Structure formats: C-alpha cells, structure tokens
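See structure below.
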Amino acid sequence: MNVGQQTTRRLASRAGRSICRSCKDTLSRNYASAAAAVQPEDQSSQHIPPVAQASPQASYSVNAGVVVSRPPQITRDLHPLESAFFLYQRRLNERTALPFTRYFYYKARTPADLEWKRKMRQRLTPARDIGRYKGYGDEAWNDELLVGAEESEMQHQVERLIADAEQTGLEDSAEAALNEAKGGAGKKVEHELIERPMSRITEADEKNDVKSLSRLLQRTLYLLVKNKEGQWVFPHDNLGKETLHAAAGRIINDAGGVNMNTWVVGNVPIGHYQHDYLQSIKTASGLNELGLKTFFMKARIMAGQANLNDNKFGLTDFKWLAKEEIQKEVRKKYWLQVKNMLAER
Amino acid sequence: MASVKPSIRQLNACLKCVRQTSSLNGTPRRFLSASAAAREELQTQPTTAPPPPQSATKPAAAITDEKPAKETPEYMQKWGELDPEKVDWKRDERRLVRRDGTQPVGSRRRRAILHRSSANKAEEIAFEELPYQCFQEARKFLMGDRQEKLNDIQTQSLRIKNLMDQDPAVSGGPKAKETRLRSMRDYLNELVILADINDPIVKKKFEDGQGDMNKPIYRYLADQKWRKYKRLVLEQRISQFNIVPDLLASIDPVADVDLGFGRKDIAPGDYVDSATSEQMPRLTVQTFVPGEKLVTVVVVDADVPVPEKDSFTNRCHFIASNIAISPSQTSIPLIRIGHDDRKTEDPAARKIALPWEAPWAHKGAPYHRLAIFVLEQKDAKALNIAEVEKTKRLNHNLKGFVDKYKLKPIGASLFRTRWDESMPGVMERAGLKDQVDVEFKRKKIEPLPHKRRTERMR
C-alpha cells in the first residue's frame, strides 16, 4: 500500500463525523479495506429509527389507460399558398434549367420520338403537369398563373399525368378525324389501362362512419369507448401487479377483443388523468384513497377492428375519432388533461 | 508595454481629473516630435471612387448621348411613344433607355399588367391587386398573420390597461408593477413592429425612401439598416482614431449623423480641404426613438500641437446648443441657425455659443482630427447660452463639458484637416496671419558615434 492510500485511510478513520456521508461512501468504495475499518462506527451514528405510522396514508388508486391510434395514411392536403408556390417554382425551373435532352431518351424517327414531338407541340414544355407554358423565348418571363387558374391544384396535375400516359397526341389531329370518317377502318390500337390513384376521400368519409378505420385518411384516429356510466373515455382499468406496458396490452385485449393487431409503443406513459373524489374512500388495505390517476400508454393499430361483444369492462360503444372530434365527445375536465398528448394531425 | 497598469493608477484621484499622460487603452503617449508621416498609415478608404480612366471612346459616347436630347434621329422617332411605366418588351425597354435615357419602372410583370389593362381601357391596377395567383395567396397568408398580430396588440393593450388600474399592493409593490409594465410595453412595441414587417408595401416604401419616420416600423427598419453598415464604419473610425478615449471616455452612438460641407458629403475620417471647411458644416441627425430632443453640437480639434511641452492639446471650434431634433426633423442647418442668431436681439434666444472657427493646421504638423459630437440635453431642457459662451476654446476639456451640463453623447462624426494650398488664405481670414509662416520641421538627430560616417569610410 502506497503512501497516498495510507493517508486516505488515516483521514477516513480519523475524520469520524467531520466527513460527510457521500464523501465517505466514495472513499469506502475506492478503498474497501479502509471502509471496512470505518463501517461499524458509521452505522451506529447514521442509524435512523423507523417511524410508526399513526394515521392511514393518503393515496390515489392507479389505473392504466391505453390510447390506441391509427396514424395518418396519406400526406396532408396542401395549403393554397403551398400549391401555388410549388407550381411557381416548377415553372421557374422549366425556364432556367437546361433544355430537355430529347435524343438521350428517344431515338430519332421512332414512334416514341414522334409521339414526344406531337405532345411537345401541344403543351410546349417537357414537364407534363404544369399546364401549357413555354419556358424559352421573349414571353418566357410571363410564367405566373393568374388567380383562379387550376393548374396548381393537385387533382388537376394528377389528371394531366394520366391523360399524358393514355393519349398518343393524335386524338384531335386531322389524321384521326380522317380515320373516324372512314368508319374506324384503321387499326384500333389497344393501350394498356392506366391505373388511377385511389380517392383521397373514402366511402367512410362520405357516410361519416365513425366506427370505420378508413375514415379521415390524413388524420390520426383514436379509439374512444363508452363506459358503464355512459361517458366517452379512453379504455382503462385498474393496474394489478403488472407493468404499465403489460397492462396496456391486456386492456386492449379485454376491451376491444383479440381481433386487433396492435403494438404498445414504449414503456413510458404519454400522459395522465387525475380524478379527485368528493370524499376520500377507505380501502380494504387501510389506505385513505383521495381519487384515481390514469396513466395512458400509446399504442398503434396495424390491422383489425375493435369488437366490444365480450369485453370485461361493460363498455357499450366505441368510436374512432380525430383530435377535435374527441373534444366534442368527452367531458371538459377530461379533455383539458388529455388534449396535450394527442397529435395535432 | 502598457504604460499605465491598473495597480499604479492613483485611485483616490478621479480618473477624469488626471489629465492623461497616456491614453487609457495602453497606447503610448504621443509626442509632437515623434508624430510624423508614420501616422499616415491609418488612412480612411477614399469614399468617392477615383474617376474612371478617360478612354478614347468615351467622349464620342457622351456626344451621342447628348444628341438625342436635342434632336432625335428619324429612325428613333419611328419608335413612337414609350412609357416607362408600361414598356413590357425587352426591345422597347432597350429603346427607352437608348432614346429617352430613362429606366423602366418596377418589374416587367407589373409593367405588362399595366400595359394590358390600359390597352383594354381597364382601370389601373394597384400593386396589391396584381392578379397573380402565388402573389395573392402569399398576400392572403401575410394578411392572416397581420390580423393575428393586431388581435395580439389589442389583447396586450387591454392587459396593460388592466394592470395600470390595479392597486400596486396586489401586483407586488410599485417597483414590481413598474417592471412588469415596462416588459409588457416592450412586448407591445415588438408586436407593433411584427404586424407590419412583412408587408410588401411597407418594404417597398422604405426602399424607395418614402417611409414616414413617425411610424415605428420605418424607424425600426432605418435603425436596422444603419446598424448593419454605417454604424459599424463609424465605430471603427472612432476606435481607430482614438476619439474614444482621447476626447470622451465612451460613446454608444444611437443616432445616425451625416456630415457634409456645402454639397459634399463627408464620410467619417475623410480629409477635408481647408477652403471647404471654412464654412460651417451641415449635419443630418436621424434619431430612431420617438419624441423631440434638444441637442448640443460640439466640434473639437484633438490635435493642437504644443511645441513647448512636446505634446498636444484640444481646441474647441464650435458649440451650438438648444437645437431641436426628432425622427422626422433631422436636419441641423448650422448656416441658417447662424443667420437667425444674427437677427435675434435677445442674447438668450441665440443658439450658437461659440461661433465656427475654421479648422487649421500648421505646415509640417501631423493631421488634425476634428470630432463632431451630438450631445443630448437632459430632459430636453434648454441650456443657458450666456454660461455656455464662457467655455474656453484652447485646452478644451470635453469630458468636463459633458459632465458639467449633464449631456449624453448620442451621435458622432469626424473629419481630418492638414496643411494644404488654401490654408494660408483661410488662416489669414481667421486672423491668424502670424501663424501662417510657422512651420514644423523634423529635428535632426545626431547619429551615435559608432554610426557616424567618417573620412575613413568614404
């Protein structure tokens, strides 16, 4: 043992009460032998006698809740300023970027090249969905849309892309008219059918079916249930001898049935709700209960649907609602405590 | 090596009382004999660009430029009327510049709209109503934001009103109430700025120089612009030329001071010809806080040589007091103030305490720094001119002057003067004929014995 350690040991043993507890702990951790010498004295001096509990302790009963949510399925609609600005940028790009290198993509005098030329003649620009606009020449600066033009709307752009894929550019030409006049004698060319994108507004939206999970595709939907008292709440139950995470999984099964593919995200609650009783209740274990606290776990639904047929909590109804719809259904006091854990979109 | 360390500074004597043998910032003491051309290293950049070299083609171009003004060639007359508000073709723009010598106004988009609407006999479209989709959507967005800010302003002023009506005992004592009120007013002022700062019209007006300085938004924009360039330059000049701490202990410029003689603008630190500076300068002082102020203008020469002591002293060239300025009233026309003073009978109503003495320098002496200070008078109270008149010119102590009259420096500018061709005339007219022939020369320093050139070395 070198000199430094001896000094420390001497200090530690001599110091007695003049060294604080935490410093002594540190010393004893570093120098186990020194600590062993000091320990008995330490224990006797630091001993705190247990205090007998006189009155029953006040407490809250602990509940576990679960916020089952369906994330947004599609991107949000653009703000009118955003769509106008994006189109402005695209036209600006059309005008400042290098010209389209046609012969890199189309071999000269092939049918594809001819079709490209026909379409270019019609829309004047290589981009298919920014409307009829010429990026070069004296008038190129005049690339801004006027108020009320529909070129900036997403639906219009989608339609233009589909139309471009479906048409050959020959539709309203003189040649086509001549063929028509002959009675369709020319060969009818069959094209592959172009698949249209699904509508952003679903059948459930039109019917306002709050039980459906295919409603409000742009928003997060949350599972809300109607309990025995007829109040709309998030599913919850008393917390037994289990973790919050395990309790959340159990509650989902007990409330909504097994026909839901869910995933409880994380071990930490995302929020809590506190309810104070008007009068405190004496429990069987001799505790004085002031109220209840519900800790909410976050869960996602991947597939399936809720089914309340044999739920264990006496729930009578369920709904899948977006944030602002929840506000209308739940009590105000409940809303104020849960609103900040729900996503804005 | 710093000549004055804090430890040996005499602490029982006031710092300002000790006439400094060296400046505070550690620069060694200046000797008249030691100051020479070496100091010329510190030059301000010339503000006016040197005239472009005269090329052979330029006179010819100038002639063709001037000619159309008198008689337009026939082919140019065929171009017809070109309205700078409405040309929207590149070719027409080119022709407008070539024939009429005027630039088209605004963006080509705007001109195109004006042209088309006038061709259709439609009414003229205001800038805000240009029918472009992106522009209008953006305006809608900004208007929404502005409306939000206006609502905030209303709420905040209501809150301030409520707090003012509240009993100080409830709000935690009068001091706490005052602090809270101040921070609430600060926030209100911030909201007032934020409500307007994104308005394209405000931006356009400010950039065109049509902003109304009585409105907070234009004052804010002007302040920001000043702080981004002009104030930085001024600060640099003040510190490089040691105006601080030679003349004042410190200065925090909060007003934009523009200096000029006649029609010529002077950047801070420029050399000014002695004939030019014989007349009083004209000052433009732009303040950025609302309200009228009374200011005193002082011009001090910081480099008057004292050969007996091998040193320098200060000389006051000008003092004018009780001049009113405000954000919208920026000009200080000293020449006109001088005329008015001569007309008034009442000596107390005069404004110029010490009349202008033309800056002058001896031949061979180093340049003189002439600093101009704009000092705000306390509580906008007028000074007693008769008392200010007693201020001595030579060995002027600006720090003492500022302390005595409780002034606060809000702006500064400076220029330099040195011996030039017109100096003898200027000095003669100023009644300094005896000084004209005085010339400072370098003292010849005897070489050390071992450096002495001897016969043997030749």
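The values are calculated or read from the model by the stated rules, or taken from the named source; none is laboratory data. Just so it is clear, the model here is predicted, and its values are computed rather than measured. Positions of Cβ are backbone-derived with ideal geometry, glycine not excepted, and every protein chain shown enters the neighbour counts.
Could you tell me whether B:R263 is outside the structural domain of B:L414 (by TED's automatic domain parsing) and out of contact with any helix residue (DSSP H, G or I) (no Cβ under 6 Å at 6 or more places or on another chain)?
No, not satisfied.
Could you tell me whether B:R111 is touching an Asp or Glu at 6+ places or on another chain (Cβ under 7 Å) and within 14 Å of another protein chain (Cβ to nearest Cβ)?
yes
In the range A:285-342, what residues are in contact with a Leu (Cβ under 8 Å, 6 or more places away or on another chain), part of a loop (DSSP other than H, G, I, E, B) and crowded, with 18+ Cβ neighbours inside 10 Å?
A:A306, A:L315, A:A322, A:V330
Looking at (1) at pLDDT below 80; (2) basic (K, R); (3) within 28 Å of B:R109 (Cα to Cα), which is the only condition B:K67 fails?
(3)
Results for (1) buried (at least 17 other Cβ atoms within 10 Å of the Cβ); (2) assigned to a loop (DSSP other than H, G, I, E, B); (3) among the hydroxyl-bearing types (S, T, Y); (4) not assigned by TED's automatic domain parsing to the domain that holds B:I201, shown as yes or no for each residue.
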{"site": "B:D88", "(1), (2), (3), (4)": "yes, yes, no, no"}
{"site": "B:D92", "(1), (2), (3), (4)": "yes, no, no, no"}
{"site": "B:R95", "(1), (2), (3), (4)": "no, no, no, no"}
{"site": "B:V105", "(1), (2), (3), (4)": "no, yes, no, no"}
{"site": "B:A112", "(1), (2), (3), (4)": "yes, no, no, no"}
{"site": "B:A122", "(1), (2), (3), (4)": "no, yes, no, no"}
{"site": "B:F135", "(1), (2), (3), (4)": "yes, no, no, no"}
{"site": "B:A138", "(1), (2), (3), (4)": "yes, no, no, no"}
{"site": "B:M143", "(1), (2), (3), (4)": "no, no, no, no"}
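Quick one: in the range A:33-79, of everything that is modelled with pLDDT under 90 and assigned to a strand (DSSP E or B), which residue is surrounded by the fewest Cβ atoms within 10 Å (Cβ to Cβ)?
Result: A:A58.
Does the range A:134-141 contain any residue that is within 14 Å of chain B (Cβ to nearest Cβ) and aliphatic (A, V, I, L, M)?
Scanning the range A:134-141 turns up at least one residue that is within 14 Å of chain B (Cβ to nearest Cβ) and aliphatic (A, V, I, L, M).
Confirm whether B:G431 is in the same structural domain as B:D301 (by TED's automatic domain parsing) and not in a loop (DSSP other than H, G, I, E, B).
no
Does at least one position in the range B:116-125 carry a residue that is within 12 Å of another protein chain (Cβ to nearest Cβ), modelled with pLDDT of 80 or more and under 30 Å from A:E153 (Cα atoms)?
no
Taking the range B:422-445 as the search range and keeping residues that are more than 34 Å from the chain's Cα centre (by Cα) and not charged (D, E, K, R), which one is nearest to B:V304 (Cα to Cα)?
B:V438
I'm trying to understand the selection: among the residues of the range B:379-396, which are part of a loop (DSSP other than H, G, I, E, B) and either aliphatic (A, V, I, L, M) or at pLDDT 95 or above (or both)?
B:A382, B:L383 - these are the residues of the range B:379-396 that are part of a loop (DSSP other than H, G, I, E, B) and either aliphatic (A, V, I, L, M) or at pLDDT 95 or above (or both).
Do we have B:K161 as more than 14 Å from every other protein chain (Cβ to nearest Cβ), surrounded by fewer than 16 Cβ atoms within 10 Å (Cβ to Cβ) and within 30 Å of B:D83 (Cβ to Cβ) here?
no
If you check A:E166 against the conditions, is it modelled with pLDDT under 90, more than 30 Å from A:I326 (Cα to Cα), touching a His at 6+ places or on another chain (Cβ under 7 Å) and outside the structural domain of A:V268 (by TED's automatic domain parsing)?
So A:E166 passes the test.
If I filter the range A:62-73 for residues that are among the β-branched types (V, I, T), free of Cβ contacts under 8 Å to residues at least 60 places away in the same chain and away from chain B (no Cβ under 14 Å), do I get at least one hit?
No; the residues of the range A:62-73 include none that is among the β-branched types (V, I, T), free of Cβ contacts under 8 Å to residues at least 60 places away in the same chain and away from chain B (no Cβ under 14 Å).
Name the residue that is surrounded by the fewest Cβ atoms within 10 Å (Cβ to Cβ), counting only residues in the range B:178-202 that are in contact (Cβ under 8 Å) with a residue 12 or more places away in the chain and basic (K, R).
Looking at residues that are in contact (Cβ under 8 Å) with a residue 12 or more places away in the chain and basic (K, R), I get B:R185.
Only residues that are touching a residue at least 12 places away in the same chain (Cβ under 8 Å) and facing chain A (nearest Cβ under 7 Å): list them for the range B:127-149, please.
B:P131, B:Y132 - these are the residues of the range B:127-149 that are touching a residue at least 12 places away in the same chain (Cβ under 8 Å) and facing chain A (nearest Cβ under 7 Å).
Quick check on A:S280: is it more than 15 Å from A:L224 (Cβ to Cβ), exposed (fewer than 13 other Cβ atoms within 10 Å of the Cβ) and modelled with pLDDT under 95?
When the stated conditions are applied, A:S280 does not pass them.
Go through the range B:209-264 and count every residue that is closer than 18 Å to B:T330 by Cβ, in contact with a strand residue (DSSP E or B) (Cβ under 9 Å, 6 or more places away or on another chain) and of a type in the set (V, I, T).
Residues that pass the stated criteria total 2.
Given the criterion over 25 Å from B:Q136 (Cβ atoms) and part of a helix (DSSP H, G or I), identify the matching residue among A:E115, A:E94, A:E82.
Among A:E115, A:E94, A:E82, only A:E115 is over 25 Å from B:Q136 (Cβ atoms) and part of a helix (DSSP H, G or I).
What are the residues in the range B:254-264 that are of a type outside the set (A, V, I, L, M) and within 20 Å of B:S422 (Cβ to Cβ), if any?
B:G260, B:F261, B:G262, B:R263, B:K264
Only one residue in B:G364, B:G338 is in the same structural domain as B:Y405 (by TED's automatic domain parsing), in contact (Cβ under 8 Å) with a residue 40 or more places away in the chain and within 20 Å of B:G260 (Cβ to Cβ), so which one is that?
Among B:G364, B:G338, only B:G338 is in the same structural domain as B:Y405 (by TED's automatic domain parsing), in contact (Cβ under 8 Å) with a residue 40 or more places away in the chain and within 20 Å of B:G260 (Cβ to Cβ).
Could you tell me which numbered condition B:S171 fails, if it satisfies all but one of (1) surrounded by 14 or more Cβ atoms within 10 Å (Cβ to Cβ); (2) within 12 Å of chain A (Cβ to nearest Cβ)?
Of the numbered conditions (1) surrounded by 14 or more Cβ atoms within 10 Å (Cβ to Cβ); (2) within 12 Å of chain A (Cβ to nearest Cβ), the odd one out for B:S171 is (2).
With A:Q305, A:Q279 as the choices, which residue is in the same structural domain as A:V67 (by TED's automatic domain parsing) and farther than 15 Å from A:P235 by Cβ?
It is A:Q279.
Say we look at the range A:142-173 and pick out the residues that are within 12 Å of chain B (Cβ to nearest Cβ) and not aliphatic (A, V, I, L, M); which of these is farthest from the chain's Cα centre (by Cα)?
Looking at residues that are within 12 Å of chain B (Cβ to nearest Cβ) and not aliphatic (A, V, I, L, M), I get A:N142.
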